[in-house]
1. In what order do A:30, B:77 fall by count of nearby beta-carbon atoms within 10 Å, going from fewest to most?
2. Rounded to the nearest 0.05, what FRET efficiency is calculated for residue A:184 and residue B:90 with R0 set to 35 Å and r the Cβ-Cβ distance?
3. If packing is taken as the average number of other Cβ atoms within 10 Å across a peptide's residues, how do A:123-131, A:89-97 rank, most packed first?
4. Write down the Å³ per residue value for the convex hull defined by the alpha carbon atoms of region B:20-118.
5. Counting each pair of different Cα atoms once, what's the Kirkwood radius of region B:5-183 in Å, rounded to one decimal?
6. For the Cα atoms of chain A, what angle does the longest principal axis make with the long axis of helix A:286-296, in degrees from 0 to 90, nearest 10?
7. Per DSSP H run of at least 4 residues, take -39500 (n - 2.57); add these up for chain A, divide by its residues and hand me the 222 nm value, nearest 500 deg cm²/dmol.
8. Mean residue ellipticity at 222 nm from the helices of chain B, using -39,500 (n - 2.57) per DSSP H segment of n ≥ 4 over the full residue count, to the nearest 500 deg cm²/dmol?
């Protein structure tokens, strides 16, 4: 009966603490955070299934990372070390703005080093360095529905997921091969999670898809505009859709290296010189490139 | 007593999230105001008036916990969260919400208040998403019949219920519906 007595003698704990920058810790109201937390737990329990949730207005426009931001703000804690990247880059406008905002409403520390971060929010890339089971990667998702390409109706895609009726997705890939000799999806490559749900891995390049398979890290996906949260837990099978005679393959960078750090084992961005027309390549993951170039250029 | 409930909620949720994404592993909740309050603390970071709560066989505790967490009491057939004391649902588990194929996330979350959790034993072996190889743990204070019911409720993935176990020292372990449970 001890718990009864404690509950009788104590009022519900109030959220009456001092605000940071005029807002509660984590900016959002507690009701919003609690709903998002419940959705995250269900998303983790049903890997690859998109949990609907009431996406809130954020101080950035929908479509600019509000889904990821809401997840980040509902689970961040004061001792977190946050890294935010946009297409692999720590310094792009979207990443910097999100970083500044989260810092303002939580006062957490910021890093560009993947290894040092405890929480990483990302748009369209997974860091090159393998992440650990103590870290969480939050991905911003524009289009959470992998089947939207073949079926515009939400009711119908929901039925297809319910019945694991994915024949039209397979047909779409088959027709692609008939037309072009290969599957032409370059990013947002559909994957099967835990042998059940076909899931959109967000617009990461093919290069990053194998990193989702049997990872040590929890991946959380937030689509703010489309109001969906889904997850890929650690140590979960993630298989890109492929045929026996048309196997999934990643981008080929053979013979190319990063012009800044010399890396030959990273996802490279092609940069064309506007004056001379020459092509050079740079690591897309700037944090990793910085780390490497410090030793390479010595 | 920790006055900053907002931050405390964030820290508590991270422990629950770690638990749910690593089924069968035992984690320690952050310091509770008092030992008796850990269940209220755990539910408090998740529940508001959008969520419903049932306590099996204890209407008084149901009202107290609902008041404390700002949630609404409901019958166990309709509740989103179900608190189970004394290690048994009295066979009612089979009637808890398991969600629908279109909306499997509407399945219930069960909070078992148990005596002790330890990853030293291997009474229960868990495999599945989130588990590297297999995870084993010992749970004392739960009726052995519950495992059969839990396996039955979770036999049709993605339908099912997600279980959280909380012991008297504030340790938690989770077994979501995606896990396979082996009982030794």
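1. On the way: A:30 18, B:77 12.
Listing A:30, B:77 from fewest to most nearby Cβ atoms yields B:77, A:30.
2. On the way: r = 57 Å, r/R0 = 1.63.
Efficiency, rounded to the nearest 0.05: 0.05.
3. Values: A:123-131: 20.8, A:89-97: 16.8.
Descending mean neighbour count gives A:123-131, A:89-97.
4. Values: hull volume 12.0 nm³, N = 99.
Spelled out: Cα convex hull of region B:20-118, divided by residues, is 121 Å³.
5. On the way: mean 1/r = 0.0622 Å⁻¹.
Result for region B:5-183, one decimal place: 16.1 Å.
6. Here the helix axis deviates by roughly 60 degrees.
7. Working: 7 runs with 82 residues, N = 298.
That comes out to -8500 deg cm²/dmol.
8. On the way: 4 runs with 44 residues, N = 184.
That calculation yields -7000 deg cm²/dmol at 222 nm.
Rule-based calculations on the coordinates, nothing more; no lab input. This is a predicted model, so every value here is computed, not measured. All Cβ positions, even for glycine, are placed from backbone atoms using ideal geometry, and neighbour counts span all protein chains on display.
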